[in-house]
Structure formats: structure tokens, C-alpha cells
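Each value in this text was obtained by applying a stated rule to the coordinates, not by laboratory testing. Note that the structure is a prediction, hence the values are computed from the model and not measured. Please note: Cβ atoms are built from the backbone with ideal geometry, for glycine as well, and neighbour counts cover all protein chains shown.
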Amino acid sequence: MTTSSPATTAEPTSEERPVRIAFASGKGGTGKTLLSTSLAWSLARDPDRVVVYADADVEEPNGHLFLAPKVTSRPPITVPLPTPVPDRCTGAKRCEAACAFHAILVVGTQVLVDQDLCHACGACTLVCTDKALVEVPFAIGALRVGATGRLAFVGGELDVGQARATPAVDATVAAAVAHADALAADTLVVDCPPGTSCATMASVRGADLVVLVTEPTPFGLHDLRLAIAMCRAMGLPVAAVINRADLGDGAVREALTAEGVPLLAELAFDRAIATAYAEGAVAAERSPAVRAAVAAIAAYAAALDRASSLPPSVQRSA
């Protein structure tokens with residue numbers, strides 16, 4: 001099976017799809033994976049729930065190190081790479097002119113395609129009336145599909161040296177959504193890439209709640225503001241968790257209040273969390289504080305889901 005990301009995907013209605021909770025951050029190393037794996041693990045302990053965990057941090061995936069899924073398949077992630085067809089090019093150079101990324105060079109009647117610059121947008125094949133280019137699936141990574149107990153797992157991993165993180169994220173999230181639909185899951189937990197890049201935007205798109213994990217440091221505050229702006233621009237509900245909360249001052253809390261972003265939990269330095277991480281265990285197994293944090297996240301997401309299911313007139317009056 002080959003997995004590729006379509007240019008557009010139709011979103012099911014809220015009644016048909018699971019609640020999607022995405023964990024993001026302005027910077028790396030804030031604790032996204034700690035909380036996303038803990039939430040998925042905690043929810044999956046309920047025998048009445050069906051939960052899917054998606055590791056969309058395709059450049060540095062590590063959710064599998066903690067959830068330890070039994071992998072049942074590793075389908076490739078592909079993009080459509082334009083490939084020259086011998087003896088068809090007439091040297092019109094329409095493909096070269098159409099490529100915004102300068103990935104195509106036409107020399108005489110020979111077409112040269114730079115695989116690293118190509119964004120697989122398909123413009124060159126559309127404008128070539130000579131049909132001198134055809135799209136061929138080109139592997140850029142692979143999915144990791146499996147389960148750990150009752151928790152379904154879908155993770156994406158970009159091949160070393162590849163720069164196409166966004167289509168790999170698209171393919172990972174699409175596969176996770178399809179998996180969740182097939183299982184009639186009620187919750188999809190997505191561990192997103194850090195930052196506010198195109199790959200991050202692809203991973204949070206369609207989320208019912210984006211949980212921004214931050215830390216009370218100058219870098220944490222700066223990048224938190226960028227992440228909030230990204231979510232607001234995309235029209236996504238956002239909340240926050242402060243990790244390493246016993247550092248720094250109250251600037252992050254003040255910023256969240258000023259931005260109107262709910263603070264769902266704070267986690268201080270905790271030896272139980274550090275030990276669990278060092279041993280590759282899910283932090284919620286060892287730390288009551290983490291269990292309380294993910295319970296607060298789950299409760300807030302459930303409240304948002306209930307509110308979104310109300311008629312618009314009731315939502316406005318609430």
C-alpha cells in the first residue's frame with residue numbers, strides 16, 4: 001500500500017468524526033510528546049473508548065518510543081514526482097516557466113528535474129501539451145501503523161535527507177483520520193511538529209482543540225505568541241499547558257491571560273516524570289501530576305465538543 005497526500009481532503013461533519021486534539025508548541029522540547037502520549041494512553045484505558053494516536057512530528061518522531069506499538073505495517077509515503085518521457089519534449093519550456101521552485105531545466109529537448117527542489121505541485125504536467133512529463137510515485141518516508149493494547153497508533157517518518165515534511169505530515173494525518181474512521185474512534189490525538197511552519201499548520205488543521213505546550217522562559221514566551229497567532233489565523237480553539245512551571249516568572253501566565261487563552265494545567269519539575277522519560281515509559285503511568293493535567297485537557301476538549309454540537313442560537317446565548 002502506498003500513502004500519498006491529496007491536495008485537498010473533505011472534512012467529515014463533527015457528528016461523523018472523532019474529537020481531534022492536537023498538541024503543538026512554538027518551540028521544540030516543551031513536552032508535547034509527554035502530554036500527547038499520556039493523554040492517548042489515559043483515554044485508551046477506558047474500555048468504552050476507541051482512541052487513535054498520530055505522531056505527525058515526521059522529522060523527529062518519538063511517540064513510538066513511549067507507547068511501544070506492535071507495528072503491523074510500514075506503507076511508504078510518496079509524492080508524485082514529474083519524470084521525463086523520452087523523445088516527447090519539443091523544447092517549449094512551458095514546464096520550466098510554470099515551476100515556481102526552479103526545479104525544472106529544459107536544455108534543448110532534454111528535461112532535467114531536480115528531485116530536491118520539486119514540491120510535487122503538478123503544475124509542470126498540467127502545462128505540458130506534449131505530455132513529456134508523467135508523475136511517478138516517489139517515496140519520501142514511511143508510516144508506522146499498529147497498536148499498543150487497545151490504543152491504535154499511526155506515525156509518520158521522513159527519510160533522512162528529505163526536506164518534504166509537509167506532504168509527509170499530510171499523509172500521516174490523513175492515514176490517522178482514515179484509521180480513526182474505520183475504527184469508529186471517538187478521539188484522535190495528534191502529536192505535531194514544533195514551531196509554526198507549513199508542516200505544523202498541516203498537522204493542526206482540522207483540530208477541535210490545539211493544546212499549546214510551553215515553558216516560562218523568554219524563548220518559550222516568544223514562540224508561544226507565534227503559535228497562538230497561528231492558531232487564531234486558522235480559526236482553531238486553543239488552550240495551553242505550562243511545563244517546567246517552577247522556572248522563570250509570571251510572564252507566560254500574564255500573556256495567556258492577555259490573549260484569552262485558557263491555562264489548563266501547570267507541571268513543575270518532577271523526578272517521576274524524568275525517570276519515566278529516561279526509561280521510555282508513559283509519564284502518566286508514574287506521575288499523578290501528569291494524570292491530572294491530561295484529565296483537565298480531556299475535560300476541556302469534551303466541553304468544547306458538547307458546546308459545538310449545540311444549535312448556533314444556543315451557542316450564541318451560552
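Candidates ALA103, CYS118, LEU143 compared by Cα position along the dipole of the chain: farthest toward the positive end lies LEU143, with charges placed on Cβ.
Can you give the FRET efficiency for ALA272 and GLU60, using 1/(1 + (r/R0)^6), R0 = 22 Å, r = Cβ-Cβ distance, to the nearest 0.05? After rounding, the FRET efficiency stands at 0.35.
Only bridges whose two residues both fall in the chain count here: according to DSSP, what percent of them are antiparallel, nearest 5?
Details: 24 of 53 bridges.
So the antiparallel bridges amount to about 45 percent of the total.
With a simple spin-label model that places each label point 7 Å from the Cα along the Cα-to-Cβ direction, the separation between ASP246 and HIS102 comes to 5.3 nm. Helical content alone sets the calculated 222 nm signal of the chain at -11000 deg cm²/dmol, taking -39,500 (n - 2.57) per DSSP H segment of four or more residues and averaging over every residue.
Simple point charges give the picture: +1 on the Cβ of Lys and Arg, -1 on the Cβ of Asp and Glu, and for the chain a dipole about the Cα centre of about 240 debye.
Partnerless cysteines in the chain, where a partner means another cysteine C-beta under 4.7 angstrom, comprise CYS89, CYS99, CYS118, CYS121, CYS128, CYS192, CYS198, CYS231.
Phi angles of the stretch 228-233 translate, via the Karplus equation with coefficients 6.51, -1.76, 1.60 and θ = phi - 60°, into HN-Hα couplings of 4, 4, 4, 5, 5, 5 Hz per residue; Gly and Pro are given as x. Expressed as a whole number of Å, what is the distance separating the alpha-carbon centroids of the stretch 223-240 and the stretch 261-287? Measuring centre to centre over Cα atoms gives 23 Å. A Gaussian network model of the chain, with springs between Cα atoms under 10 Å, assigns the largest mean-square fluctuation among LEU263, LEU158, LEU143 to LEU263.
Distance distribution note for the stretch 86-131: the fraction of Cα pairs above 11 angstrom is 62%. Applying a DSSP loop filter and a limit of 10 other Cβ atoms within 10 Å to the GluC sites (Glu not before Pro) in the stretch 258-304 leaves GLU279. When the dipole is taken about the Cα centre of the stretch 191-289, and only Lys, Arg (+1) and Asp, Glu (-1) are charged at their Cβ, what size is it in debye, to the nearest 20? Computed charge dipole of the stretch 191-289: roughly 220 debye. Considering only alpha-carbon pairs that sit under 8 angstrom and 6 or more positions apart, the relative contact order computed for the stretch 86-131 is 42 percent. This model, with +1 at the C-beta of Lys and Arg and -1 at the C-beta of Asp and Glu, gives the stretch 61-118 a dipole about its Cα centre of some 240 debye. The mean sequence distance of close C-alpha pairs (under 8 Å, at least 6 residues apart), as a share of the length of the chain, puts its relative contact order at 26 percent.
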